[in-house]
Each structure stands twice: as C-alpha cells, then as structure tokens.
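See structure below.
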Amino acid sequence: MSSSASLSPAHTTLSLFGVKPGHWRWGLAQMATSQSALRKVKGLNFFKLLGSGQGRGFSLKPNWYRYGLMATWDSPAAAQDFLEDHPLLQEYREHTFEQYHLGLQPLQAHGLWSGTNPFTKETYPSPDNAPIAVLTRASIRLTKAMDFWKHVPQASASLDDAQGLLASIGLGEAPLIRQATFSLWQNEADMKAYAYRTASHRDVITRTRTQGWYSEELFARFTPISSQGTWNGIDPLVGLL
C-alpha cells in the first residue's frame, strides 16, 4: 500500500524483528502473509516488509532470523497504536526474541521506491551533533546483477571499520535484485566522512552512475526521534536521544 508523499515529512518507523531459533519458517512466511493485515492498518500510508542479509550491508547470504518493516504513518500516534496493540504485532511477539522500533523524521529523500517517494519531497537540515540514519535502496537490473555483486561487497565490508557507525543492516524485498542498507550514525560528520572518503564506497557510487546498475533507487536521511527495544541485544541509540 502506498500513497504519494506530501510536502511535510511523513512520520516513519523501522521495526526489526529477531526471530526465535526454530521459527525461521514462520518468519519467512510473514513476507507474504502479513501483507493483507498491514493493508488494513489505520493510519498506515506506505510499508515494505523486508528480509535481511548477513553482515552490515548488501549481502548475498540471507539471514533467516532477522526481518524488518519500514512504514510511514499519518502520525506518531497511529504508529504507536499499531506497535502496542495490533494483533499482528502480538503474533510477532510470540515468535521473536527481540524487537527494535525506531521513530524517524525524514530529512531528505531522493528517488523512488515502487514508483513513489514515501518520505519527503523537501530537504531539512540535520540537527547539530545528533544521530542520523541513512537508507539506501535499489532495484538492480538483472543484466547488471553480476557486476553489482562483484563490487558492492567491498563497500559493505568497509562499514566494519567506519568511525561513528552505531549499527547497520542489509535489508531487501527480494534476493539479489531488490536490496537496501539502513545505517545509524553518531552524527552527520561521521556519516559523510565514510560516504565521501572511503575509497570502496566512492568506487561504488561512481560505478552506479556510469554502469547503470539500477532500474530504480532511493536515498534517504532521517533524524531518529525515538527507539524502543533492542537490536542485537542493545539499543544503539541509548543515551543519544
């Protein structure tokens, strides 16, 4: 379900679910079976159910025990009502050992996701000395997939040593061809230092433009405004919000 983005930034959430050992079949099934329930949620304007990969960024190796839900809402209250009371989330609690829910204020978004920009059409300044979140997602052309996967893992691996990185995850709607990376940074300066000074990342940016890897792409930045739960056993934003 989607709607065109308004001029004001859409309240956005990212939820990450750690599936209990032995429940991976349930987790995988939710990529299809949760769609119907989500389309009926009051105040939900746009959503994407996401699988994950192993490692910090784009990955060919799936993680069968970590899933995500990215969504935009009419209001923070609509999002909170869903997270606290909706039967779908009650079911998720039965099958997961941890959940992490991020509230996000879009700062800018360029490009499209399934034909729409769900976050914002405006550009807002990042608050000084505040955490920042980044989403990069793309639909990879089948004819370019081999070249993409030849070069991108080097940039993903470089995240391991990135200064100021709080957490990151590779997410995707479909294996191999619809991929995303979501990352949390201590501040905008650290994020930009990685993006523009890391050789492997700069190389990927250049190849993206010159070799036409993507049929659709979107790049978005957010200010984290709330966090609940844990991601890999911790809240990476504790003490920062």
TODO: Inspect all residues belonging to the range 180-194 and state whether any of them is at pLDDT below 85, over 30 Å from GLU84 (Cα atoms) and either out of contact with any Gly (no Cβ under 8 Å at 6 or more places or on another chain) or open to solvent by less than 30 Å² (accessible area, probe 1.4 Å) (or both).
DONE: no
Open item on the list: Can you tell me which of (1) free of Cβ contacts under 8 Å to residues at least 24 places away in the same chain; (2) open to solvent by 50 Å² or more (accessible area, probe 1.4 Å); (3) within 28 Å of TRP213 (Cα to Cα) is the one LYS144 doesn't meet?
Closed with: (1)
Open item on the list: With the requirement that a residue be farther than 26 Å from GLN54 by Cα, open to solvent by 20 Å² or more (accessible area, probe 1.4 Å), outside any strand (DSSP E or B) and in contact (Cβ under 8 Å) with a residue 40 or more places away in the chain, what does the range 79-114 give you?
Closed with: HIS86, PRO87
Task: The one condition in (1) at pLDDT 95 or above; (2) surrounded by 14 or more Cβ atoms within 10 Å (Cβ to Cβ) that TYR214 fails to fulfil - done: (1)
TODO: Identify all residues within the range 116-141 that are open to solvent by less than 50 Å² (accessible area, probe 1.4 Å), outside any strand (DSSP E or B) and modelled with pLDDT under 95; write none if there are none.
DONE: SER126
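The values are calculated or read from the model by the stated rules, or taken from the named source; none is laboratory data. Since the structure is predicted, the reported quantities are computational estimates derived from the model, not experimental observations. No Cβ is skipped: glycine too gets one built from the backbone with ideal geometry, and neighbour counts run over all protein chains shown. Surface accessibility is based on the protein's heavy atoms, side chains included, excluding ligands, DNA and RNA. Shrake-Rupley method; radii C 1.70, N 1.55, O 1.52, S 1.80 Å.
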